Amino acid sequence: MIEIIKKFIKENNFDLNNDIEEIENICDQVNDENEIKAYLTYCDESSIDPSYDNYEDSRNGCYKSVAEFAEQLHTDIGSISEKSPLISHIDWQKVWDCDLRHDYNEIDFEGNIYIYRNV
């Protein structure tokens, strides 16, 4: 997989060649090639080092939309119950737009939304 990632870096003109050992470490830990590519895109756009520690600290998963992420986050932290009748009335896109987009980044990669917390 590392050769595919190196090709992706070169094709997208990323300046990550000095960090190839960290990228190899990430490839050893993560089996989803698209997730690695999305993470490298996030690192490039956010000007952060592509270290495995940053990956672990910032990764929040892959979703169909930021609204899906917002709902999952609020369910996970217990701010709303999955059984609550209110859950179907919440505009999760607005929750993302107003409350979450400042603390998280979204990377739309091949039809999936990868979410990374700002580190």
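Listing for the model above:
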quantity: Criterion violated by residue 30 - all others in (1) β-branched (Val, Ile, Thr); (2) surrounded by 19 or more Cβ atoms within 10 Å (Cβ to Cβ); (3) closer than 22 Å to residue 111 by Cα satisfied; calculated: (2)
quantity: Test: residue in the stretch 64-87 that is among the charged types (D, E, K, R), at pLDDT 80 or above and within 14 Å of residue 117 (Cα to Cα); calculated: no
quantity: Pair list, Cβ < 8 Å and 6+ apart or interchain, from the stretch 99-113 residues that are in contact (Cβ under 8 Å) with a residue 24 or more places away in the chain and over 18 Å from residue 47 (Cα atoms) to residues that are of a type in the set (D, E, K, R) and part of a loop (DSSP other than H, G, I, E, B); calculated: 112/64; 113/64
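The values are calculated or read from the model by the stated rules, or taken from the named source; none is laboratory data. None of the values given here were measured: they were computed from a predicted structure. A quick note on method: Cβ atoms are made from the backbone with ideal geometry, for glycine too, and the neighbour counts reach across all protein chains shown.
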